[in-house]
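Questions regarding the structure given below will be posed in turn.
What follows draws every value from the coordinates through simple rules; no lab data is involved. No experiment lies behind these values; they were computed from the predicted model shown. Methodologically, a virtual Cβ is constructed for each residue, glycine included, from the backbone with ideal geometry; neighbour enumeration extends over all protein chains shown.
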Amino acid sequence: MLTVDYESQMSPSEVDLYLFHEGTLYEGYKVFGAHSEQYNGKKGFRFTVWAPHARSVSVVGDFNDWDTDANRLSLVENSGVWTGFIADLGNEERYKYAIETPTGSIVLKADPYAFYAEKRPNTASLTCSSLHSYAWHDKRWMRQRAKRDQYHRPMNIYECHLGSWRKTDTNHLMTYRQLADELVEYVAQNGFTHIELMPIMEHPYDRSWGYQITGYFAPTSRFGSPEDFMYFVDTCHQNSIGVILDWTPAHFCRDMHGLGKFDGTPLYEPCDPKLADRPQWGTYNFDFSKNEVISFLISNARFWMDIYHVEGFRIDAVSSMIYLNHNGDMPFELKNKYGGDEHLEAIDFIKKLNEAVFLKCPEALMIAEEATDYPMVTKPTDQGGLGFNYKWNMGWVHDILRYMSYEPSERCVHHNLITFSMLYAYSENFVLALSHDELVYGKRSLLNKMKGDEWQRFANLRVLFGFFMTHPGKKLLFMGSEFAQFDEWKDLEQLDWNLLDFSKHRSFQQYVMAFNHFYRSVSCLWRLDHELDGFQWIDADNAEQSIISFIRKGKRKGDYCIVVCNFTPAVYHQFKLGVPAVGSYIEVFNSDAAAFGGSGQCNHQPIIVEEAPFHNQPYHIKLTIPPLGIIILMKETKKRKIMTAYEQV
């Protein structure tokens, strides 16, 4: 017979409870949930849960035939926390909390701090004793990460939805271990530096893509066990690939076994339905005025970094957190205590979150998906900022995709769409994100957004990608875009890998791969991404020809490259371009190279500088500008003999 031991020494400490209620228990996952322990000579699990309005709480599962009277927990006085030890309980046992609500009804809830969960559609939590038994092999990576200056290093992120990247031969989901063997090798081969995973925390509905979570501390069992996910992250690190998790602290799903009305009352969500409900997504908002919720969320962020070694997070829906009425989906307007639109408690939470994460892990990545002009998103909190270190540049993405949607003959009158971003490029630390958000709900794939015949569509996509890779800011590309997926993302199907049977898609993949490796090897494309000294216009105003030219600079004198983008199908020979130094320039990259599916309008010979000023530069050169193409030039010196990227292909 399984028994619950109520001895006080098994309870959370007074310090833990004090910190929890203060909102500063940042390692709450060590206190709450189900933990494998030994007590009075017996092995079992200690269970601890916060349910302050419950009349009683018990642990139910297969081990006690789901009997609500068999294993009752005890209430720690004046805490709202229930705890108890169940002896002789093994690993991966199904369990839930049976919570007697204030009205006397019984609700069965998954453990908010569960480390493992049943495979959907089942909803029970699973005991897990293996979080600390995995043998990691990433010590070298972790040591190097701690010393890394990420602001001055390349960052090229591959955004991935694990359920639809690739399926097995029998059309089933791949496991974490299969993905570790195939996805990680693919990402490394294609020259990316990081993988960003759309949410892999446990969620009931596949088509929520993980953005409506029930198990914040459990990697979804769709793809395997917690140890399997550790193996995936470990394999990434052994292949020099960082791992970023999509994370959703703004809201959670309403499913009955989840956090909603957890003890029969609004607990993790606000008591006021106007503040709790998010009808646009059919979810509940977190209540950022409750310190216990703050402890839960910050502990969750620290958990994924501590236990799973991830590099950091892309925090979803930040705009909807910091503004009460951002989504505009309610028939009324919410106001804060000062009459404004800012969600003051959420803003305080965000600052506290970032402070807590960087205190433990100064090299962490905290990336905000924030779409408004809220100031100082990536400034430290002690300088009045929100404390993130990166922000998605939504303005650049929307402007460039709008620009590319015009026929080339019309682009001359919309020229500001490709130059305006440089007016604010250094106001934040930006990530340029060609993400899944731009490729769903009828928005079409990147290739299908392009204009013209088939050749022009691919050429347009090449120049778009080239501008993306050379514009200041770190990079993110959604899976499938690297081989010019034609259909928009289909979340229930694998990517259209059969497209690689066609030469144009193979050539585009070769182009992206070559550009990714080129980007990583050319420091002036990333060394000063967030500093004014890293960029200089040569000509931003050539709207008539829809051509822009600029210089990307590195830290050392002479470490620079010249970028020219032509957004029309016209070819220009003897095109006059201002340059900053005498000597000869080598074309090191050209999107129109035949190896990439282009027409071959390249500058194969060194380009000799003419000593006459032009474009506010002291010298100039004359060169060929390819149609719908981007070229990159570097000055050749005696110490630096350059092989072009397309020659390397």
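Is the shape of segment 453-532 rounded, prolate or oblate, going by the alpha carbon gyration tensor and its root eigenvalues a ≥ b ≥ c, with a/c under 1.5 for rounded and a/b larger than b/c for prolate?
Taking the square roots of the gyration eigenvalues as a ≥ b ≥ c, segment 453-532 is prolate.
Could you compute the FRET efficiency for Glu342 and Ala570, with r as their C-beta to C-beta distance and R0 at 51 Å, rounded to 0.05?
The computed FRET efficiency comes out at 0.55.
How tilted is helix 394-404 with respect to the longest principal axis of the chain? Cα atoms for both, answer in degrees (0 to 90, nearest 10).
40 degrees
While we're looking at this one, here's another question. Here are some pairs, Lys352/Lys475; Lys557/Lys635; Lys553/Lys635; Lys139/Lys351; Lys351/Lys474; Lys391/Lys557; which of them have Cα atoms lying more than 19 Å apart in this structure?
Lys352/Lys475; Lys139/Lys351; Lys351/Lys474; Lys391/Lys557
Place a +1 charge on the Cβ of each Lys and Arg in segment 4-126 and a -1 charge on the Cβ of each Asp and Glu, then give the dipole magnitude about the Cα centre in debye, rounded to the nearest 20.
So the magnitude is around 300 debye.
Separate question: Among residues other than Phe467 whose Cβ falls under 13 Å from its Cβ, what is the net charge (Lys/Arg +1, Asp/Glu -1)?
+3
I need to check one value: relative contact order of the chain, counting alpha carbon pairs closer than 8 Å and at least 6 residues apart, in percent.
10 percent
Using the beta-carbon distance between Asp453 and Asp62 and R0 = 45 Å, what value does 1/(1 + (r/R0)^6) give for FRET efficiency, to the nearest 0.05?
FRET efficiency, Asp453 to Asp62: 0.15.
Kindly work out what percent of the DSSP beta bridges joining two residues of segment 143-276 are antiparallel, to the nearest 5.
Restricted to segment 143-276, the bridges split so that about 25 percent are antiparallel.
Just report the Cα centroid separation between segment 24-49 and segment 534-578, whole Å.
61 Å
A follow-up question, please. Just the Cα atoms of segment 4-126, one point each, no solvent: what log10 I(q)/I(0) does Debye give at q = 0.13 Å⁻¹?
Results for segment 4-126 at q = 0.13 Å⁻¹ read -0.48.
Over segment 513-609, what is the relative contact order in whole percent, taking alpha-carbon pairs under 8 Å and six or more residues apart?
For segment 513-609, the relative contact order is 18 percent.
Determine, from the Cβ-Cβ distance of Gln383 and Lys490 and an R0 of 51 Å, the FRET efficiency 1/(1 + (r/R0)^6), rounded to the nearest 0.05.
My answer for the efficiency is 0.70.
Relative to the longest principal axis of the chain, what angle (0 to 90°, nearest 10) does the C-alpha long axis of helix 503-521 take?
The two axes meet at around 80 degrees.
Still on this structure: By count of other Cβ within 10 Å, fewest leading, how are Tyr205, Tyr426, Tyr403, Tyr95 ordered?
Tyr205, Tyr426, Tyr403, Tyr95
Extending each Cα 7 Å along its Cβ direction at Asn327 and Glu355, get the distance between those two points in nm, one decimal.
It is 2.9 nm.
Oh, and also: Using the alpha-carbon atoms, what tilt in degrees (0 to 90, nearest 10) does helix 454-470 show relative to the longest principal axis of the chain?
70 degrees
Relative to the present Cα-Cα distance, how much length would full extension add between Ser133 and Lys555 at 0.36 nm per residue of separation?
147.5 nm
Over segment 459-532, what is the mean sequence separation of C-alpha contacts under 8 Å (at least six apart), divided by residue count, expressed as relative contact order in percent?
42 percent
What share of the DSSP beta bridges in the chain is antiparallel, in percent to the nearest 5?
Among the beta bridges of the chain, antiparallel pairing accounts for roughly 75 percent.
Which of the aspartates and glutamates could be linked to Lys576 by a straight reach, that is with a Cα gap under 12 Å, when you skip same-chain ones fewer than 8 residues away?
Asp539, Glu610
Output the peptides 84-91, 102-109 sorted from most to least packed, where packing is the average of other Cβ atoms within 10 Å over each peptide's residues.
Highest mean packing first, the order is 84-91, 102-109.
Hey, another quick one. Rg (Å, one decimal) plus Dmax (Å, integer) for the alpha carbons of segment 493-616?
Spelled out, the Cα radius of gyration and Dmax of segment 493-616 are 16.8, 58 Å.
Could you order peptides 170-182, 523-535, 321-333 by the average number of other Cβ atoms within 10 Å of their residues, highest first?
Output ranking for 170-182, 523-535, 321-333: 523-535, 170-182, 321-333.
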